[in-house]
Amino acid sequence: MTRPNILWFSIEDISPRFGCSGDRVARTPNIDRLASEGRRYTNAFSTAGVCAPSRCAIITGMYQTSIGAHHMRTTHTNDDAPEMPTPYQAVPPAYVKAFPEYLRAAGYYCTNNAKTDYQFAPPFTAWDECGSDGHWRNREDGQPFFAVFNPTVTHESGMWPKDGERLTTDANTVTLPPYIPDTHKAREAMARHYDNLERADDRLGEVLAQLDEDGLAENTIVVLWSDHGEGLPRGKRWLYDAGIRIPLIVRWPGAVPAGDVSARLVSLVDLGPTMLSLAGLEPPRHMQGQPFLGPNATDREYAFAARDRHDEAYDMVRAVRDTRYKYIRNYHSELPYLLWIPYRNRHPALQEMWRLNTEDALDPPLDVMFQTPRPPEELYDTHADHYELDNLAGRADHEDRLARMRAALRSWQDEHGDLGHEPEAEMAARMWPDGEQPVTARPTFVPICESSPGMAASPEGATLVGPALVQLHCATQGASIGYTTEDGGEPRWSLYTEPLRLPAGATTIRAKATRIGYAESETREASFVAVPNGSAAPTPTDEADSA
């Protein structure tokens, strides 16, 4: 089988505001063309309304709530927030990997350009390249690739005013949700978003043109998605559709019909397992997502999402959605909706909401984010109530549906172990005892040959007679090992998957190890001299032995 290449184009902080989605203001010709050549999914959702927890679920195939990555910004320093149990990095169970490692082990060249934001530092073993130069063009000839491009131009902060700006989008043409004040300041923020979306579309056009130039389009699966919904109040950080409903487009020539539209329910936690499946690999059983495309595609009945601490403010909200109805549980119904989050308060639309609230000038539904207390439960018919303003919880004609979705949420929490119930300080202490990051052990070299059958480590090297292998070992449970035999310079670290077969003569191996949430190990270096059977072993004066 010719393994397909995979190209991801991830856009930040957007809902489906494209021409192909029916938006008349959007200028997205490249996105629209991609949709016309592939399939657009209308029921795709993130697992969180904010980037880092969502991206953690994407890169691991695990719900962030089950691996301790649900609190936004675990890397706050004590100077930023001395009262909080930060900084720390999420430390998932030892068997959890960044899923590109499985593709690398299968021979794929994996690149990320360039955003990560996984709630832990990206393991160096996850990518062949991770940075602004990451590109499939750096791979070996004929090598299949998985390449990710992450333009950040549509981030929420792009809606903030800038000195000397000139908007292309006419602010009078944009449409705001009914809970956002229809003021010039709010409209300008929305216009900036459309301008930035056009810039992201231009970047997509550049990447797709490069794919065409290289003659790779026919054997490349292109996937466009956003990490969560748009950066408006009651959108980003929230579990309403404005915060978790995301665009998802897949182009796969010969396998996905052009111009197709699918109502299949998809969660972003499904992305990793799906890519592994399409590459001919069986997803590990610990992954909680499931393939949504290809011969192993599985229908999902529900998509789940979570809201926990965002920056300074603790909260706990959970949501479950099918293709029509949304159930939300507010664990802290005593809290107001708009908790203190200084970064979010820089948004022009939210500043307008606060201003009008102080003037008692907000009528329903503009006052929805200022209602208190919160309802313990919310239920919405998203077909009849697109903006989720009419709470059906407590109505007699929806009792059965409410009970069904309440049970589905509880079952999901029980099955996957929702850590939102555990105080963050206790969880962080388990992951980083005494506030110190655990360190991955240095790898050990274990030579295997007739005279040294893998019984003892040889950390500094050895002379090996006959056909010889060197096994790499790390004492840290769940660690991944990278190695190189390159001389000097900044090495490209290969992912260790099996014992290394040594050629005749001298070979110097450098290796280091890592585990998600741990600090990388120190690098260990050793030189081995492989001597064929019947040859004289080198003397200490031999050049190879000196090496």
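The values are calculated or read from the model by the stated rules, or taken from the named source; none is laboratory data. Just so we're clear, the structure is a prediction, and the values are computed from it rather than from any experiment. Cβ sites come from the backbone with ideal geometry, for glycine too, and all protein chains shown count toward neighbours.
For this structure, a couple of remarks:
- Any hit, the stretch 174-196, residues being within 30 Å of Glu378 (Cα to Cα) and under 20 Å from the mean Cα position of the chain (by Cα): no
- The set of residues in the stretch 19-41 being charged (D, E, K, R) and crowded, with 17+ Cβ neighbours inside 10 Å consists of Asp23, Arg27, Asp32, Arg33, Glu37, Arg39, Arg40.
- For the stretch 137-159, taking the residues that are in contact with a helix residue (DSSP H, G or I) (Cβ under 6 Å, 6 or more places away or on another chain) and of a type outside the set (Gly, Ala, Ser), the one that is surrounded by the fewest Cβ atoms within 10 Å (Cβ to Cβ) is identified as Val153.
- Here Gly134 meets each of (1) within 19 Å of Leu495 (Cα to Cα); (2) free of Cβ contacts under 8 Å to residues at least 40 places away in the same chain; (3) surrounded by fewer than 17 Cβ atoms within 10 Å (Cβ to Cβ); (4) not polar (S, T, N, Q) with one exception, condition (3).
- In the stretch 351-388, of all residues being in a loop (DSSP other than H, G, I, E, B) and in contact with a strand residue (DSSP E or B) (Cβ under 8 Å, 6 or more places away or on another chain), the one that is farthest from Ile328 (Cα to Cα) corresponds to Thr382.
- Search result, residues across the stretch 122-158 that are outside any helix (DSSP H, G or I), over 16 Å from the mean Cα position of the chain (by Cα) and within 30 Å of Lys185 (Cβ to Cβ): Val153, Thr154
- Top-ranked residue in the stretch 256-286 [being assigned to a strand (DSSP E or B) and not hydrophobic (A, V, I, L, M, F, W, C); ranked as nearest to Ile67 (Cα to Cα)]: Ser267
- Exactly one residue out of Ala94, Ala121, Ala44 is touching a Lys or Arg at 6+ places or on another chain (Cβ under 8 Å) and surrounded by fewer than 24 Cβ atoms within 10 Å (Cβ to Cβ): that is Ala94.
- Among the conditions (1) without any contact (Cβ under 8 Å) to a residue 12 or more places away in the chain; (2) within 14 Å of the chain's Cα centre (by Cα), the only one that Lys97 does not satisfy is (1).
- Qualifying positions in the stretch 51-67 - in contact with a Phe, Trp or Tyr (Cβ under 9 Å, 6 or more places away or on another chain) and part of a loop (DSSP other than H, G, I, E, B): Gly61, Tyr63
- Qualifying residue in the stretch 329-343 (condition: under 27 Å from Ser157 (Cα atoms), β-branched (Val, Ile, Thr) and either assigned to a loop (DSSP other than H, G, I, E, B) or free of Cβ contacts under 8 Å to residues at least 60 places away in the same chain (or both)): yes
- In summary, Gly280 fulfils each of the numbered conditions (1) touching a residue at least 24 places away in the same chain (Cβ under 8 Å); (2) out of contact with any strand residue (DSSP E or B) (no Cβ under 8 Å at 6 or more places or on another chain); (3) surrounded by 24 or more Cβ atoms within 10 Å (Cβ to Cβ); (4) not charged (D, E, K, R) with the single exception of condition (3).
- Selection of first residues in the stretch 463-482 that are assigned by TED's automatic domain parsing to the domain that holds Leu502 and part of a strand (DSSP E or B) and of second residues that are among the basic types (Lys, Arg) and surrounded by fewer than 17 Cβ atoms within 10 Å (Cβ to Cβ), restricted to Cβ pairs under 7 Å at least 6 apart or on distinct chains, gives the following pairs, ordered by first then second residue: Leu469/Arg501.
- Scanning the stretch 190-202 turns up one or more residues that are of a type in the set (A, V, I, L, M), assigned by TED's automatic domain parsing to the domain that holds Asn345 and over 30 Å from Ile59 (Cβ atoms).
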